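Presented below is the structure to which this report refers.
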């Protein structure tokens, strides 16, 4: 049985969520005032927002609503305040970028801060960043159908965040995904999509039933709310508009309805942030957050130079590069989480992908060093399997490094595993790095991070080559 299955079964038995991780694997600093956004769009029309609640403080949310979401012109007119507020928020982080620290010098990180978007779930992130970003950035600020200049600007920023929704990034944080990553509930994965229910499983098991009756956290509103409150608010807008009321006055019924509907999701977001903030940072989080900051300030430079361009449809080679990047980032995140967090590593030990135990023999005198280990669990990987172990960090003039020792399995049974060193401590002057007798160690499949350059293969696939063999 895997550790994850065990945790789910125990959560069902206990009636509360259990930790999947002992450390937080994303960057989160409430004191830095990340921006929380919850919202609804018209069912079946992702480009028609109904209302948004947003802000950097729990007790001070702002609300933007569209009195008649089906009216495109009115939609952009009423989103102008939201766009200006977001431009003001992002503007705090647009500043001259400092040189990127070299990874091998051990120099202090000097990159300026970057903004963060926190949303209830991945669906809201996709709608807000991908859909709304693409729609807003292509609007025209001149001519008969001119819109407020803040709308295309905020569209460019949101499109940037859409491009950074990759494994390991902390620029956009969908809370249901993060809670699932750090806690196991006793319900199906599909039910974990309800943020308020997840929070109740973790922090208030007695309130699970009440949380199940809460409305949708967005971006699609609850069906009952759509039939009653949304329909009534649209009718009220039309009635007040026909009677000569201005847009703000006519949209008041919609604002009241949207605020009441989104308030539970808003509160659940801040409850989730508080839960995540209670976990200590994993060691590798700062390195990934440094890269996030670097990406943001590259985007800020393009914005200042009026060169923040985005492709409407990725070309074949762009898609290929993206897939390569996603594979690399996924592998690095999986590695970092396992090495940073003993509870995550326990999954790999239980499945036989990692080997834990006590060193019972250490032979550093022969031509090739070898080790014997008493395993905590049966290890059934074949002879010749290579595993990695990281020794204690070593300080040098070039910074802090953590030597890695690679071994291969010579033989294995339930009581003893024989290992031969193949890299990292083969030379006699490095054999001091080997673990001592009686030391508890974990050998795993995870080695160094991948830092491959984003280059094309020697031969392009046929899908990315033109008729005469030239790239398209």
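The values are calculated or read from the model by the stated rules, or taken from the named source; none is laboratory data. The structure displayed is predicted, hence computed values, not measured ones. With ideal geometry, Cβ positions are generated from the backbone for all residues, glycine too; neighbour counts draw on all protein chains shown.
Return a yes/no flag: does segment 168-185 have any residue that is in a helix (DSSP H, G or I), under 27 Å from residue 78 (Cα atoms) and either more than 12 Å from the chain's Cα centre (by Cα) or assigned by TED's automatic domain parsing to the domain that holds residue 82 (or both). So far as segment 168-185 goes, no, none of its residues is in a helix (DSSP H, G or I), under 27 Å from residue 78 (Cα atoms) and either more than 12 Å from the chain's Cα centre (by Cα) or assigned by TED's automatic domain parsing to the domain that holds residue 82 (or both). Being modelled with pLDDT of 95 or more, within 16 Å of residue 173 (Cα to Cα), part of a loop (DSSP other than H, G, I, E, B) and assigned by TED's automatic domain parsing to the domain that holds residue 199: is that true of residue 275 here? Against the criterion (modelled with pLDDT of 95 or more, within 16 Å of residue 173 (Cα to Cα), part of a loop (DSSP other than H, G, I, E, B) and assigned by TED's automatic domain parsing to the domain that holds residue 199), residue 275 does not qualify.
Which ranges mark the strands (runs of 3 or more DSSP E) fully within segment 328-411 that have 1 or more residues being surrounded by 18 or more Cβ atoms within 10 Å (Cβ to Cβ)? Per the criteria, 354-363, 370-375, 386-390. When segment 1-22 is filtered for residues that are in a loop (DSSP other than H, G, I, E, B) and either touching a strand residue (DSSP E or B) at 6+ places or on another chain (Cβ under 7 Å) or farther than 18 Å from residue 173 by Cα (or both), the ones remaining, listed by number, are 1, 2, 15, 16, 17, 20, 22.
From the list 146, 125, pick out the single residue that is in the same structural domain as residue 64 (by TED's automatic domain parsing) and farther than 25 Å from residue 277 by Cβ.
The unique qualifying residue is 146.
Once segment 305-327 is narrowed to residues that are within 21 Å of residue 167 (Cα to Cα) and touching a residue at least 24 places away in the same chain (Cβ under 8 Å), the residue that is surrounded by the most Cβ atoms within 10 Å (Cβ to Cβ) is 320. No other residue among 222, 203 is surrounded by fewer than 17 Cβ atoms within 10 Å (Cβ to Cβ), touching a residue at least 24 places away in the same chain (Cβ under 8 Å) and in contact with a helix residue (DSSP H, G or I) (Cβ under 9 Å, 6 or more places away or on another chain) apart from 203.
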